[in-house]
Amino acid sequence: MRRRLVLAIAGVAAVAVLLLAVPLGIVLSNHYRDEELLRLQRDTVTATRTIDVPTVSGDRVELPGGSGVQAVYDRTGRRVAGGGAPRAPTIVREALSGGRVVDASGDGRLTVAVPLLTGEHVTGAVLAQRSDEEAAADARGAWLLLGLVSLGIIAAAVAAASLLARRLAGPLERVAGAARRLGHGDFSVRAERSGVSEVDEVASALDATAGRLDELVQRERAFSADASHQLRTPLQALRIELEAVELRGGAPEEIAAAIAQVDRLNATIDTLLAVARDTDQRDAVTDLGELLDQADARWRGTLASAGRPLRVRLEAHPREVHASGAVVSEVMDVLLDNAERHGAGPVTVSVRDRDAWIEVDVTDEGQGFRDPSRAFERRSGDGEGHGIGLALARSLAHAEGGRLALADAGPHPTVRLTLVRRAERGAAPT
């Protein structure tokens with residue numbers, strides 16, 4: 001912003017100076033030339049007082065020195081004294097015919113033709129020339145002065161623009177810094193006031209937003225903690241009851257499976273609560289090979305009972321990612337559950353490298369998503385969307401710095417989980 005503002009003001013100042021200086025320089029150049037022509041006219045008129053055109057052929061005409069007089073012509077246009085063309089040039093003929101002084105300039109010369117009068121009759125004309133070097137030197141001096149003044153004005157405009165840009169950009173940069181801190185979860189941030197009313201209004205709105213977000217997040221975290229406590233108490237009681245049945249002997253096999261599901265539900269509650277509290281897990285590292293082995297053990301039997309094989313293909317080496325294992329496991333459970341409920345045929349989990357990322361694709365042979373644009377929307381009252389599972393999985397993936405996207409809507413749909421490969425933290429998915 002600072003650079004653009006300085007360039008804009010400097011550009012406007014430069015255009016304004018050019019629009020003023022160039023015409024002024026042209027006017028001054030013409031003025032100096034006209035002054036020299038007037039001086040030459042005055043000297044030539046003074047010289048005509050000592051010049052008489054001879055009435056008798058052969059009489060000599062004395063030309064005054066230092067006046068610039070080049071030649072004398074009689075009224076017929078014949079040269080009678082001096083050098084130059086033997087017949088009168090155009091400027092002399094105009095002076096003879098009009099009985100007035102005629103001047104011209106060009107090719108570095110100033111030229112004047114002054115008629116000679118005897119009574120009221122034109123008896124001849126005097127042609128005088130002089131170099132315009134003096135006028136050109138004065139014009140160059142004027143152009144140089146105008147250039148220096150123009151540069152000074154532009155420099156002053158740039159300095160003023162720099163001060164103005166610092167005055168305007170500084171408060172905006174501080175507000176932007178406060179917004180970044182707010183985006184990183186620091187709800188205690190407050191933007192400084194600058195005295196610029198518009199910027200202060202933005203800062204006030206940002207402070208109010210931070211306060212509302214802080215209140216909202218605190219309320220949601222309190223609710224999450226209370227809800228998890230209320231869920232854990234009956235779950236723990238249920239687990240104790242199941243273990244008591246198991247210890248009495250002769251318990252059915254389903255008891256062990258039920259206890260495992262209770263443990264899994266407890267782990268899910270812990271994972272979701274950790275994500276809701278934005279627990280810092282930036283140093284967490286997960287081996288996808290081990291994690292997928294565990295997912296395979298959980299889901300192979302369920303899919304096999306429906307006649308659907310589960311295939312895991314590991315093409316990435318190494319397979320460690322920067323993410324919480326519990327969160328990634330929860331995402332994989334959602335994706336496999338979605339494939340089991342809504343898909344058909346074999347379910348394939350593929351893991352491969354993609355630059356600084358590792359991609360995990362979950363594919364089945366079902367018809368796919370009816371409306372891909374709403375694949376990650378929670379089911380609304382009109383029956384659209386896909387429940388809470390995929391939406392929750394996407395939120396969990398984003399919380400770990402990854403992405404969850406629909407790579408192929410179907411048939412044979414593919415949902416892709418993208419995670420940061422270990423030692424590549426800070427890269428951005430495309």
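The values are calculated or read from the model by the stated rules, or taken from the named source; none is laboratory data. Values in this document were obtained by computation on a predicted structure and should not be read as measured data. Here the Cβ positions follow ideal geometry from the backbone for every residue, glycine too, while neighbour counts run over all protein chains shown. Only protein heavy atoms, including side chains, enter the accessible area calculation; ligands, DNA and RNA are left aside. Shrake-Rupley method; radii C 1.70, N 1.55, O 1.52, S 1.80 Å.
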Under 6 Å by Cβ, and 6 or more places apart or on different chains, what pairs join a residue from segment 129-145 that is assigned to a loop (DSSP other than H, G, I, E, B) with one that is among the hydrophobic types (A, V, I, L, M, F, W, C) and surrounded by 15 or more Cβ atoms within 10 Å (Cβ to Cβ)? 132/110
In segment 94-108, how many are charged (D, E, K, R), within 22 Å of residue 32 (Cα to Cα) and modelled with pLDDT of 85 or more? 1
Residues within segment 109-121 that are within 19 Å of residue 69 (Cβ to Cβ) and either modelled with pLDDT under 85 or open to solvent by 50 Å² or more (accessible area, probe 1.4 Å) (or both), tallied: 3
Selection from segment 154-193 of residues that are in a helix (DSSP H, G or I), touching a Leu at 6+ places or on another chain (Cβ under 9 Å) and open to solvent by 60 Å² or more (accessible area, probe 1.4 Å): 164
Of (1) under 15 Å from residue 396 (Cβ atoms); (2) modelled with pLDDT of 80 or more; (3) exposed (fewer than 13 other Cβ atoms within 10 Å of the Cβ), residue 309 fails just (1)
Just checking, how many residues over segment 28-52 are open to solvent by 80 Å² or more (accessible area, probe 1.4 Å), among the polar types (S, T, N, Q) and in a helix (DSSP H, G or I)? 0
Within segment 194-217, is even one residue β-branched (Val, Ile, Thr), open to solvent by less than 40 Å² (accessible area, probe 1.4 Å) and touching a residue at least 40 places away in the same chain (Cβ under 8 Å)? no
Scanning segment 404-430 for residues that are assigned to a loop (DSSP other than H, G, I, E, B), in contact with a strand residue (DSSP E or B) (Cβ under 9 Å, 6 or more places away or on another chain) and modelled with pLDDT of 85 or more, the one surrounded by the most Cβ atoms within 10 Å (Cβ to Cβ) turns out to be 413
Give me the residue from segment 86-103 that is assigned to a strand (DSSP E or B) and either over 13 Å from residue 44 (Cβ atoms) or not aliphatic (A, V, I, L, M) (or both) and, out of that set, most open to solvent (accessible area, probe 1.4 Å). 87
Considering segment 331-360, residues that are open to solvent by 10 Å² or more (accessible area, probe 1.4 Å) and aliphatic (A, V, I, L, M), and then whichever is modelled with the lowest pLDDT, we arrive at 356
Note on segment 75-85: residues open to solvent by less than 30 Å² (accessible area, probe 1.4 Å) and either free of Cβ contacts under 8 Å to residues at least 12 places away in the same chain or in contact with a helix residue (DSSP H, G or I) (Cβ under 9 Å, 6 or more places away or on another chain) (or both) are 77
Pairs under 7 Å by beta carbon, first residue closer than 17 Å to residue 418 by Cβ and assigned to a helix (DSSP H, G or I) in segment 286-302, partner open to solvent by less than 60 Å² (accessible area, probe 1.4 Å) and not aliphatic (A, V, I, L, M), six or more apart or different chains? 291/325; 291/329
I'd like the full set of residues that are closer than 20 Å to residue 42 by Cα and among the aliphatic types (A, V, I, L, M), limited to segment 122-154. 122, 125, 126, 127, 128, 135, 136
